[in-house]
Amino acid sequence: MTALSPKITQRVAFSLLLASAVTVILPVVVVILVIVKNGLAAISWEFLTTMPRSGMREGGIFPAIVGTFCLVAGAIVFALPLGLCAAIYLSEYARQGMLSRVVRLAIVNLAGVPSVVFGLFGLALFVDFFRFGASILAGSLTLGVMILPVIITSSREALDAVPKSFREVSLSLGATKLQTIKHAVLPHALPGILTGTILGIGRAAGETAPILFTVAAFYLPRLPQSVFDQAMALPYHLYVLSTQVPNVGVPIRYGTALVLLTIVLLMNLAAVTIRSHFRAKKKW
Amino acid sequence: MVSPKLSVKNLSVSFDGKPSLGGVHLDIAPHIILSVIGPANSGKTTFLRTLNRLNDEESAMKITGSVLLDNKDVYREYDPVILRRKVGIIFALPTPLPMTIFENVIYGPRRQGIQDRNKLSATVERCLKEAYLWDEVKDRLHSPAMKLSGGQQQRLCIARTLAVEPEVILFDEPCSGLDPISTAKVEEAMSKLKKHYTIVLVTNNTKQAARVGDQTAFFLMGELVEVGDTGSIFTAPRDRRTDDYISGRFG
């Protein structure tokens, strides 16, 4: 048998590559289609703004939406300042030494920890040791720890992408190192930092395991009153509806999934938009 | 004889154990232009950046000897921030910050805490005039500095350095990316500036050194080969290597 001509080999290779690329799109499209098809019927103003009724078999998911927003806000309030400051230290101050290597290693490991382990960690540290109990505070802190690596890594990348010449110019004009970071580096790293933060938010909003032991209420038909309250949250609510409560209608389950998916996708969309907007604007 | 503005004594610099500059002795009188010439990797940029401690940030830099500014040791008696307000630098590539022309010029003064809008506006006008840029940009001070041409950007960088009111200005191959007309404008600015400032000009262009330098120093492989009045360096160099370099036999 003679070898295939290069032209045919080319075609075959191209077709295989194209097929692989299309296969990647397929699951995304199918997941979204299934959820939209089954859940759209449930979406209504009432579904979004009222309490669950009849053992969660009827009514809305308002407290879960509010709970998710509280948790995400708390996680960001905790993780963004801490992560940003750590990133600034690593990128601007740290010399290549033992400490910076250990910190880098810690971040990589933190990113690799399964989310259910974060849940256990939050239970041990925030719920039991600090006696926050199962509360929004404990849940937010747990989620915050979980998204720290995302925020640190993306902030560091954004800081490192600011040209070295900006720093040299600023220093050469008699600015202190801190002024240089504040005025010549951070403003130009902000879009990247923001992008990472939003991706972190998206992740925090969607995770179930970290909030399982630290905050999530099975059924709490009122809004949380303080950070020491338990709260419902969308991902856990979805889990409960799907596995713990018998006879929940399909539209309610998929409706909940649709709301969660929409929130996360919107955040990712925002991240992409910010990134492309600023990429088009900056020219250096 | 006037006391030197800058006095370099037995200066050696190495990065990561690799020597970059060895045993340099050099006095720079006030209100002159000293041109520093030499082939690539001869240590001239290292020399320049040592004068305002811009190499401090580099890792594993080792420095011996001393640099005196007005008889005070730059590395032992100056805070680097204060030093850099006295010794400004213009980089090889124009490096405006991505902000408006106005904000670029007042970047230094603002960091010193000056907020008064009138004072800042006066500074902008004075510095842009001194850098021969005022007429070209006076109607668009609040447009982005990145939109200027290369030559204009470099003159903006000069204005920005002047705004800090330095005493010494270091130029690190300021015309390497510019066309001849822009180069002429930058050289004209330098010649006028030496009345008020002491200038050290590193250049790859020996003709430029001959045109604007009062004195010329020739560096080769980290060593200061020869320094003297520009006229005598170019007509009667004492060292064979200087002769070879300026007459274009190498480099």
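Assorted remarks:
- Gyration tensor (alpha-carbon) shape descriptor, chain A, a/c threshold 1.5: oblate
- Violating pairs (Cα-Cα greater than 19 angstrom) within the set B:Lys18/B:Lys72; B:Lys5/B:Lys119; B:Lys86/B:Lys194; A:Lys182/B:Lys129; B:Lys129/B:Lys195: B:Lys18/B:Lys72; B:Lys5/B:Lys119; A:Lys182/B:Lys129
- Counting only DSSP beta bridges whose two residues both lie in the protein assembly as shown, roughly 60 percent are antiparallel.
- Helical segments meeting 27 Å axial Cα length and Kyte-Doolittle -1.0 threshold in chain A (DSSP H): A:6-39, A:62-88, A:136-160, A:186-206, A:250-281
- Ranked by how many other Cβ atoms sit within 10 Å of their own Cβ, fewest first, the residues A:Ser91, A:Ser155, B:Ser121 fall in the order B:Ser121, A:Ser91, A:Ser155.
- Tilt relative to chain B, helix B:117-130 - C-alpha long axis, 0 to 90 degrees, to 10: 50
- Inter-label distance, nm, simple model (7 Å from Cα along the C-beta direction), B:Gln115/A:Arg101: 4.7
- For segment A:93-138 versus segment A:25-58, the gap between their alpha-carbon centres in whole angstrom: 34
- For chain B, the Kirkwood estimate of the hydrodynamic radius, built from every pair of different alpha carbons, is 18.6 Å.
- Here segment A:234-284 and segment B:9-68 have alpha carbon centers that stand 58 Å from each other.
- On Cα atoms only, tilt of B:150-162 relative to the major axis of chain B in degrees: 90
- As a calculated quantity, the FRET efficiency between B:Glu57 and A:Gln225 at R0 = 35 Å, using C-beta atoms, amounts to about 0.10.
- Burial ordering of B:Met146, A:Met98, A:Met232, B:Met190, fewest other beta-carbon atoms within 10 Å first: A:Met98, B:Met146, B:Met190, A:Met232
- Between the helical axis of B:180-193 and the longest alpha-carbon principal axis of chain B there is an angle of about 90 degrees.
- Entry note, chain A: relative contact order of 27 percent, from Cα contacts under 8 Å with a spacing of 6+ residues.
Throughout, read-outs are computed from the coordinates displayed, never taken from laboratory work. Worth saying up front: this structure is predicted, and the values here are computed from it rather than measured. Please note: Cβ atoms are built from the backbone with ideal geometry, for glycine as well, and neighbour counts cover all protein chains shown.
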